[in-house]
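Peer 1: Here's a structure for you.
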Amino acid sequence: MRFSSWESLDNTKLRFNVRTFEGATMHDEFKGQAALDGPGARGEARFVVPPDSTVALPAGTMFPTEHVRRLIEAASQGAKVASHAVFDGSGLDALTHVTAAIAEARTVPAGPDGAAEQRWPVSLAYYKSAKDDVLPEFEISFELSDRGVLYDVLLNYGDFALKADLEKLEVLPPPACG
């Protein structure tokens with residue numbers, strides 16, 4: 001899977017391009033943009049690929065970066081559970097209901113750039129919004145830092161699981177905007 005996206009600073013716009021491959025052959029592609037009428041308001045996703053496809057986004061829908069920010073906020077406030085509607089552009093069924101279980105934080109004395117950081121063990125369960133399934137479509141667990149970095153990621157699809165480790169973190173300076 002190759003995923004690229006951009007989100008606006010006000011959390012109301014998302015551009016996305018998602019491609020899935022089987023070996024070297026592209027299997028699926030989803031490309032387009034989504035917009036909310038305002039923070040926390042309803043909106044719509046419009047796909048260029050597949051052409052002329054749309055998905056209605058109910059009020060309260062958020063995009064991935066805002067979702068991570070809200071998880072950090074909830075964890076910082078001591079919440080143990082958080083639940084959100086999230087749209088990421090990964091398909092026509094990409095609107096999911098995500099439930100997070102958040103464990104106690106631990107302080108790591110030196111992150112990849114040498115700075116101390118808080119990290120919370122987090123488990124996310126993704127449910128398709130249009131279904132009343134008891135079991136999630138898939139689950140992700142990781143350690144979430146207070147700066148939004150994910151460590152020790154495990155994606156569990158039921159039939160198989162993928163483990164990802166952070167190999168390198170490059171902290172970029174803030175852009176010099178005029």
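The values are calculated or read from the model by the stated rules, or taken from the named source; none is laboratory data. For clarity, every value in this text was computed on a predicted model and none was experimentally measured. All Cβ positions, glycine included, derive from the backbone under ideal geometry; neighbour counts span all protein chains shown. In case anyone asks, the SASA skips ligands and DNA or RNA and just uses the protein heavy atoms, side chains included. Shrake-Rupley method; radii C 1.70, N 1.55, O 1.52, S 1.80 Å.
Peer 1: Quick one: what are the phi-derived ³J(HN,Hα) couplings along the range 151-162, Karplus 6.51/-1.76/1.60 with θ = phi - 60°, whole Hz, x for glycine and proline?
Peer 2: 10, 6, 7, 10, 9, 10, 9, x, 7, 7, 9, 10
Peer 1: If I take every Cα pair under 8 Å that is 6 or more residues apart in the range 9-108, average their sequence separation and divide by the length, what percent do I get for the relative contact order?
Peer 2: Details: 184 pairs, mean separation 20.5, N = 100.
Once divided by the residue count of the range 9-108, the mean separation gives 21 percent.
Peer 1: Sorted from largest to smallest, which semi-axis lengths in Å does the alpha carbon gyration tensor of the chain give for its equivalent ellipsoid, taking the root of 5 times each eigenvalue? Please list the in-between numbers first.
Peer 2: Working: eigenvalues 140, 78, 71 Å².
Semi-axes from the Cα gyration tensor: 26, 20, 19 Å.
Peer 1: Put Glu143, Glu167, Glu117, Glu22 in order of accessible area, largest first, 1.4 Å probe: what do you get? Write down the numbers at each step before the final one.
Peer 2: Details: Glu143 30, Glu167 180, Glu117 5, Glu22 120 Å².
Order by accessible area, largest first: Glu167, Glu22, Glu143, Glu117.
Peer 1: Work through the residues other than Tyr157 whose Cβ is under 13 Å from its Cβ and net out their charges, Lys, Arg +1 and Asp, Glu -1. Don't skip to the answer; put the middle values down first.
Peer 2: Working: positive: Lys163; negative: Glu137, Glu139, Asp159.
Net local charge, Tyr157 excluded: -2.
Peer 1: Using θ = phi - 60° and the Karplus form 6.51 cos²θ - 1.76 cosθ + 1.60, what ³J(HN,Hα) does each residue of the range 87-93 get, whole Hz, x for Gly and Pro?
Peer 2: 10, 10, x, 7, x, 5, 10
Peer 1: For the modelled label position 7 Å from the Cα of Leu92 along Cα-to-Cβ, which residues of the range 9-50 have backbone nitrogen atoms closer than 19 Å?
Peer 2: 16-21, 27-35, 44-50
Peer 1: On the protein heavy atoms, probe 1.4 angstrom, tell me the percent of accessible surface of the range 52-178 carried by carbon and sulfur. Spell out each step's value before the answer.
Peer 2: On the way: 4140 of 7500 Å².
About 55 percent, which is the carbon plus sulfur part of the accessible surface.
Peer 1: Just tell me the longest site-free run in the chain, where the sites are chymotrypsin sites (Phe, Trp or Tyr not before Pro) in a DSSP loop having at most 13 other beta-carbon atoms within 10 Å. Walk me through the intermediate numbers first.
Peer 2: Values: sites that count: Tyr157, Phe160.
Longest site-free region, per DSSP loop and neighbour criteria: 1-156.
Peer 1: Find me the longest stretch of the chain that has none of the exposed trypsin sites (Lys or Arg not before Pro), where exposed means in a DSSP loop (not H, G, I, E or B) with at most 12 other Cβ atoms within 10 Å.
Peer 2: The answer is 1-79.
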